[in-house]
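Take a look at the structure below.
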Amino acid sequence: MPEQARATSSGPGRVLIAVYGVFALSATARAGVQIASKFGEAPLAYLLSALAGVVYIVATIALARRGPGARRLAWAAVGFELVGVLVVGTLTVFDGGDFPDDTVWSVYGRGYGFVPLVLPLVGLWWLRHTRACPSMSGG
């Protein structure tokens, strides 16, 4: 009989969820203010920051919940986050012209101490660490 997956919200997962929650609030609030006050200056950057905020919200909720559906959603959200920070980070390093203002993921999250680059790596590691493992007993 396969072993059940550990809850992603257990132990150190609580800290991970808290960090995701902080990023969910900060990225969403920042994007909301930027979109409301100066959207015309850098619409792509502000929309990408809003997208990052939504991804952080989804990841926070999925990591905090239990069950296979929540786990699949967490894998998708955190995986999307990693792809987003790598793509946006690379674009802003090599062609910053389309980004006259920073996004959460600009230059791999430089404005946030590179936490946006490290966070999905930690999140994916935690999801893998807490996954269900087949029983090692022969039968």
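The values are calculated or read from the model by the stated rules, or taken from the named source; none is laboratory data. Bear in mind the structure is a predicted one, so any value in this text is a computation, not a measurement. Quick reminder, even Gly has a Cβ in these numbers, built from the backbone with ideal geometry, and neighbours come from all protein chains shown. For the accessible areas, the whole protein counts, side chains as well, though only heavy atoms, and no ligand, DNA or RNA atoms are used. Shrake-Rupley method; radii C 1.70, N 1.55, O 1.52, S 1.80 Å.
Sort 47-54, 91-98 for me by packing, meaning the mean count of neighbouring Cβ atoms within 10 Å per residue, highest on top. Can you show the working numbers first?
Values: 47-54: 20.8, 91-98: 12.1.
The packing order, highest mean first, is 47-54, 91-98.
What distance in nm separates the simple spin-label points at A5 and R66, each placed 7 Å from Cα in the Cβ direction?
In this crude label model, A5 to R66 measures out at 1.4 nm.
Please find, in a Gaussian network model of the chain (springs between Cα atoms separated by less than 10 Å), the residue of I57, I17, I35 whose mean-square fluctuation is greatest.
Greatest mean-square fluctuation among the candidates belongs to I35.
For D98 paired with L121, estimate the spin-label separation in nm (one decimal), with each label point 7 Å from Cα along the Cα-to-Cβ line.
Spacing of the two 7 Å Cα→Cβ label points: 2.5 nm.
Would you calculate the volume per residue, in Å³, of the smallest convex hull containing every Cα atom of the range 44-84?
45
For the chain, report the accessible area per residue in Å² (1.4 Å probe, heavy atoms, rounded to an integer).
Numbers: 7700 Å² over 139 residues.
Counting only protein heavy atoms, the per-residue value for the chain is 55 Å².
Residue separation times 0.36 nm, minus the C-alpha to C-alpha distance between F39 and H129: what's the value? Don't jump to the answer; show the numbers that get you there.
Details: separation 90, 0.36 × 90 = 32.40 nm, distance 4.06 nm.
Using 0.36 nm per residue and subtracting the Cα-Cα distance, I get 28.3 nm.
Using only Cα atoms and rounding to the nearest 10 degrees, what angle (0 to 90) does helix 43-64 make with the longest principal axis of the chain?
20
Can you give the helix-only mean residue ellipticity at 222 nm for the chain, where every DSSP H stretch with n ≥ 4 adds -39500 (n - 2.57) and the sum goes over all residues, rounded to the nearest 500 deg cm²/dmol?
Numbers: 4 runs with 90 residues, N = 139.
When only DSSP H runs of four or more count, the value is -22500 deg cm²/dmol.
Work out the FRET efficiency for R14 and V87 from their Cβ-Cβ distance, taking R0 = 25 Å, and round it to the nearest 0.05. Before the final figure, lay out the partial values.
Details: r = 30 Å, r/R0 = 1.18.
Using R0 = 25 Å, I get an efficiency of 0.25.
Roughly how compact is the chain, stated as its Cα Rg over 2.2 N^0.38 Å to two decimals? Intermediate values should be presented prior to the final figure.
Details: Rg = 17.0 Å, N = 139, 2.2 N^0.38 = 14.3 Å.
Compared with the compact-globule rule of thumb, the chain sits at 1.18.
Ignoring ligands, DNA and RNA, what percent of the accessible area of the chain is carbon or sulfur (1.4 Å)? Walk me through the numbers on the way to the answer.
On the way: 5280 of 7700 Å².
Looking at the chain in its full context, I get 69 percent from C and S.
Suppose R0 equals 22 Å; then what is the FRET efficiency for F80 and A29 from their Cβ-Cβ distance, rounded to the nearest 0.05? The partial results should precede the final answer.
On the way: r = 21 Å, r/R0 = 0.94.
Plugging the Cβ-Cβ distance into 1/(1 + (r/R0)^6) gives 0.60.
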